[in-house]
Amino acid sequence: MRQFIFVALAFVAASASDPKKPIWPVEFDAPFGLNIPADPVALPNGIVNGSSHFYYNWDQAKASLIVYENGCLPGIFPGSEKTPCNFTFVEAGTFFTSADVPSCLWFPGVGSVPPNFLAAFNYSGFDQIVVDLYSAAHFVHFWNGPAGFQYWTEDITGLDIALVDGGSIQWAFGTLTAGPQDVSLFNVPSTYSNCPWDSNLAVADPFVKLSHALSRR
């Protein structure tokens, strides 16, 4: 079994000067595949290309929503990898929801990343060939970010192709579609409790880790 759907296939010559850093559209959505390597105790079979979706609305809501459709990240609570879940990023912080856990505030003050989040990244000096959610190969620029975060964007279009969260969690992006995202997607309860576990970044979503790192720069 391939544990990672978007391994780098080859190195190619980098350009003479650093490429321009792509900036996200202010509203878009994109499917992606979640990839986590197998762990003999916590996750014996790993997760390969787990169906997931990312929604983003910066101009109206300054918010984003991550939906893990088939199963959440492992280690949040017992069996979380078998339960679909959502992460909603708003200005108040990061909210978590699943069938087993009502909507709760996990990371106060850790909201959505801005469209120009790659401003905090540095070009690695390497271009590579990397495959996306659909196993299509792309020539990409390779970026290094805070907290060990790594990002790959297509060299011509600037579209997102893949990321690694500084640990073992990897995303392979599908087609990014720029367009309006209904603000109701990002609704959180007007009254809420904190999540019934510690604010442990080790088991958090990749964009929790990235937003947390950016907020402390």
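The values are calculated or read from the model by the stated rules, or taken from the named source; none is laboratory data. Quantities reported herein were computed from a predicted structural model and do not represent experimental measurements. Counting neighbours? That spans all protein chains shown, and the Cβs are built from the backbone with ideal geometry, glycine included. Remember, those area values only see protein heavy atoms, side chains included, never the ligands or the DNA or RNA. Shrake-Rupley method; radii C 1.70, N 1.55, O 1.52, S 1.80 Å.
Across the range 43-68, what is the number of residues that are at pLDDT below 95 and in contact with a helix residue (DSSP H, G or I) (Cβ under 8 Å, 6 or more places away or on another chain)?
2
Please go through the range 65-96 and pick out each residue that is under 14 Å from Trp197 (Cα atoms) and either surrounded by fewer than 18 Cβ atoms within 10 Å (Cβ to Cβ) or in contact with a Pro (Cβ under 9 Å, 6 or more places away or on another chain) (or both).
Gly75, Phe77, Pro78, Ser80, Thr94, Phe95
Of (1) out of contact with any Lys or Arg (no Cβ under 8 Å at 6 or more places or on another chain); (2) open to solvent by 30 Å² or more (accessible area, probe 1.4 Å); (3) of a type outside the set (S, T, N, Q), Ala119 satisfies all except one. Which?
In the conditions (1) out of contact with any Lys or Arg (no Cβ under 8 Å at 6 or more places or on another chain); (2) open to solvent by 30 Å² or more (accessible area, probe 1.4 Å); (3) of a type outside the set (S, T, N, Q), Ala119 misses (1) alone.
Restricting the search to the range 125-141, which residues are touching a residue at least 60 places away in the same chain (Cβ under 8 Å) and part of a strand (DSSP E or B)?
Listed by number, the residues that qualify are Gly125, Phe126, Asp127, Gln128, Ile129, Val130, Val131, Ala137, Phe139, His141.
Determine which single condition Ser15 fails, assuming it passes every other condition in (1) open to solvent by 20 Å² or more (accessible area, probe 1.4 Å); (2) of a type outside the set (Val, Ile, Thr); (3) at pLDDT below 95; (4) touching a Pro at 6+ places or on another chain (Cβ under 8 Å).
Condition (4) is where Ser15 drops out.
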